[in-house]
Amino acid sequence: YEERQRQIDQISSELDNHDSAQARKQQKIKQLKDDWLPKVKEKVALINENFTQFFSEIGCVGEVKLDTGEDDNFERFGIDIWVSYRRTEAPRKLDARVQSGGERSVATMLYLIAIQQLSDCPFRLVDEINQGMDPQNERMIFDQVTAQASKDNTPQYFLITPKLLPDLKFTPAI
């Protein structure tokens, strides 16, 4: 009996140590999250502000949201893009089964433009983003890229494509 009691006491002590170590680690994770998550939310809000504006300029609705999931599983965190290309429809999450390839390209390019103000790099390289776009969307996106790339202190853009529409607007910076 006494031997068994010692074993129980030892295992109980080890369990208490594990429990307190786990509590310390959970507290550390909470502290890191409390420091990190507001900064991420702030950046996503800035991206959303830009993205919403760019989508509004082309007569559509777009939004960028941070998806933190139901729990603290950081592997499930992500950024969702919600769009509507028709004024009569509510925005839906960007998805290959919902939007056409051209619509996804429009959303992708406007997202890239939206994040460019938050990152610092000497140039941007975009390869065939206009593939799958109809001429109207291609023209709208080119106008957006031109407007953004023509601003002061913006990186240089390289747009690689086998074709461009005729009569596109070019600024002196392009």
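The values are calculated or read from the model by the stated rules, or taken from the named source; none is laboratory data. Since the structure is predicted, the reported quantities are computational estimates derived from the model, not experimental observations. Protein only, heavy atoms only, side chains kept; ligands, DNA and RNA dropped before computing areas. Shrake-Rupley method; radii C 1.70, N 1.55, O 1.52, S 1.80 Å.
Tell me the per residue accessible area of region 1-94 using a 1.4 Å probe; a whole number in Å² is fine.
77 Å²
Measuring from centroid to centroid over Cα atoms, what is the spacing of region 72-89 and region 97-140 in Å?
After rounding, the separation between the Cα centres reads 16 Å.
Would the chain count as rounded, prolate or oblate if I go by the C-alpha gyration tensor, calling it rounded below 1.5 in a/c and otherwise prolate when a/b exceeds b/c, oblate otherwise?
prolate
Checking the a/c ratio against 1.5 first, then a/b against b/c, what shape does the Cα gyration tensor give for region 67-136?
Note, shape of region 67-136 comes out oblate.
Whose amide H sits under 5 Å from the amide H of R124, counting only residues 5 or more places off or on another chain, with H placed in the peptide plane?
Placed amide hydrogens put Q156, Y157, F158 under 5 Å from R124.
Would region 114-174 count as rounded, prolate or oblate if I go by the C-alpha gyration tensor, calling it rounded below 1.5 in a/c and otherwise prolate when a/b exceeds b/c, oblate otherwise? Please list the in-between numbers first.
Details: a/c = 1.95, a/b = 1.55, b/c = 1.26.
Note, shape of region 114-174 comes out prolate.
If I take every Cα pair under 8 Å that is 6 or more residues apart in the chain, average their sequence separation and divide by the length, what percent do I get for the relative contact order?
15 percent
Would you mind calculating the gained length between S150 and D34 on full extension (0.36 nm times residue separation, minus the Cα-Cα distance), in nm to one decimal?
Working: separation 116, 0.36 × 116 = 41.76 nm, distance 3.80 nm.
This chain segment gains 38.0 nm when fully extended.
For the chain, which whole-number percentage of the solvent-accessible area (1.4 Å probe, protein heavy atoms only) is attributable to carbon and sulfur atoms?
Details: 6140 of 11990 Å².
C and S atoms contribute 51 percent here.
Which cross-chain or sequence-distant (5 or more) residues have an amide H under 5 Å from the amide H of L94, H modelled 1.01 Å from N in plane?
Here the answer is I81, W82, V83, since their amide H atoms fall under 5 Å of that of L94.
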